[in-house]
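First comes the structure, then the notes that go with it.
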Amino acid sequence: MIVIAAVDRNWAIGNKGELLVSLPEDQKGVFKKYTAGHTVAFGRKTLQTFKDEKLLPKRVNIILTRNESFEKEGAVILHNEDQLREYEHTHPDEKIFLIGGEEVYRTMLHLCDEAIITAIKAEYTADAFFPNLDESEDWELTEEEPEIMSEKGVAFTVRHYKRV
């Protein structure tokens, strides 16, 4: 499994249920480039941040929720880590991207062996964070793509990590 996230300098990912900043070059360039045609797994709260709670197109959408009665047409609903592991095991040819939010990252990151991190070169007010991979002995930076300047005047790079 591969984790993908956009973080600021403090590894923050969100504030009050919203992204810190919307960067079209990241969403359409980086996120879409890597996840289109693959499977994305995310929490129910993350679904609520999508416009009109629409599933991401051209992807298999897995929604992770402890709510056993939750339903979403067109999505695969899983309720725990064991079910996600079983899904991964029974779909060995699928590339699965873990896309958030904070609780999903915190509880499921150990299932991933790669990370694609959009490192935003700014700081924002935040209440949700991603684990700092640079401070983890479990992860190493393997590649950093050239810096991109967003039309919004915010610079970022895409950093690739591998579990060691």
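The values are calculated or read from the model by the stated rules, or taken from the named source; none is laboratory data. Please read these numbers as outputs of a predicted model, since none were measured by experiment. Note that each Cβ is placed from the backbone with ideal geometry, even for glycine, and that neighbours are counted across all protein chains shown.
Here the condition is being among the aliphatic types (A, V, I, L, M), assigned to a loop (DSSP other than H, G, I, E, B) and closer than 29 Å to E123 by Cβ; of V21, V3, it holds for V21 alone.
The single condition among (1) without any contact (Cβ under 8 Å) to a residue 60 or more places away in the chain; (2) farther than 19 Å from M1 by Cβ; (3) in contact with a helix residue (DSSP H, G or I) (Cβ under 8 Å, 6 or more places away or on another chain) that A155 does not satisfy is (3). Taken over the range 1-49, the criterion of being of a type in the set (D, E), touching a residue at least 60 places away in the same chain (Cβ under 8 Å) and closer than 27 Å to E71 by Cβ is satisfied by no residue. Answer yes if at least one residue in the range 59-68 is in contact with a helix residue (DSSP H, G or I) (Cβ under 8 Å, 6 or more places away or on another chain) and at positive phi, and no otherwise. There is no residue in the range 59-68 that is in contact with a helix residue (DSSP H, G or I) (Cβ under 8 Å, 6 or more places away or on another chain) and at positive phi.
Yes/no per residue for (1) closer than 30 Å to G153 by Cα; (2) aliphatic (A, V, I, L, M):
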| residue | (1), (2) |
| --- | --- |
| V3 | yes, yes |
| V21 | yes, yes |
| K32 | yes, no |
| A36 | yes, yes |
| R44 | no, no |
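Applying the set (1) more than 20 Å from G14 (Cβ to Cβ); (2) surrounded by fewer than 16 Cβ atoms within 10 Å (Cβ to Cβ) to W139 leaves exactly one unmet item: (2). Counting only residues that are in contact with a Leu (Cβ under 7 Å, 6 or more places away or on another chain) and either at pLDDT 95 or above or under 17 Å from K33 (Cβ atoms) (or both), the range 135-164 holds 6 of them. Out of F129, F70, one residue alone is under 20 Å from I13 (Cα atoms) and either at pLDDT 95 or above or touching a Leu at 6+ places or on another chain (Cβ under 6 Å) (or both). It is F129.
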